[in-house]
Amino acid sequence: ENARRVGEYYRAQLRELAKKHPCIGDVRGLGLFIGVEIVQEGSTEPDTPLAHHIKNEMRKAHILISTDGPFDNILKTKPPLCFSKENAEQVVKTLEGILANEEFKVQH
């Protein structure tokens, strides 16, 4: 039940973030197993360098995610079943901070 409830909340938070950041192409998943597609802004083309940058910056913030998919541009999160809404908010806030950093976007 927690995975369903928190997963729905988590996906909703990520979809709200996608409205602010066009590099998020899609948010999908079931329960706490969630994928966030990273694309080049203004297109549907995969943005693998940005996905890897996000993964590494999240790791620096002690949040472990991976990348997956044919272009390795899907951020994959599969937290433990005890994951809470507060944990989801922390992940989304960290992701938002990374995406707000324009420095990397200009470099790649």
Considering only segment 54-61, I want to know if a residue exists there that is touching a residue at least 24 places away in the same chain (Cβ under 8 Å) and within 25 Å of residue 5 (Cβ to Cβ). yes
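Each row is one residue, and each column tells you yes or no for (1) basic (Lys, Arg); (2) exposed (fewer than 15 other Cβ atoms within 10 Å of the Cβ); (3) under 11 Å from the mean Cα position of the chain (by Cα).
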| position | (1), (2), (3) |
| --- | --- |
| 11 | yes, no, yes |
| 28 | yes, yes, yes |
| 76 | yes, no, yes |
| 80 | no, yes, no |
| 85 | yes, yes, no |
| 88 | no, no, yes |
| 93 | yes, yes, yes |
| 99 | no, no, yes |
Before we move on, is residue 55 of a type outside the set (A, V, I, L, M, F, W, C), assigned to a helix (DSSP H, G or I) and surrounded by fewer than 17 Cβ atoms within 10 Å (Cβ to Cβ)? no
Of the residues that make up segment 32-50, is at least one surrounded by fewer than 16 Cβ atoms within 10 Å (Cβ to Cβ), of a type in the set (A, V, I, L, M, F, W, C) and assigned to a strand (DSSP E or B)? yes
For residue 45, indicate whether it is touching a helix residue (DSSP H, G or I) at 6+ places or on another chain (Cβ under 8 Å) and either at pLDDT 95 or above or of a type in the set (D, E, K, R) (or both). no
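The values are calculated or read from the model by the stated rules, or taken from the named source; none is laboratory data. A quick note: this is a predicted structure, and the numbers were derived from the prediction, not measured. Cβ coordinates were reconstructed from backbone atoms using ideal geometry, including for glycine residues, and neighbour counts include every protein chain displayed.
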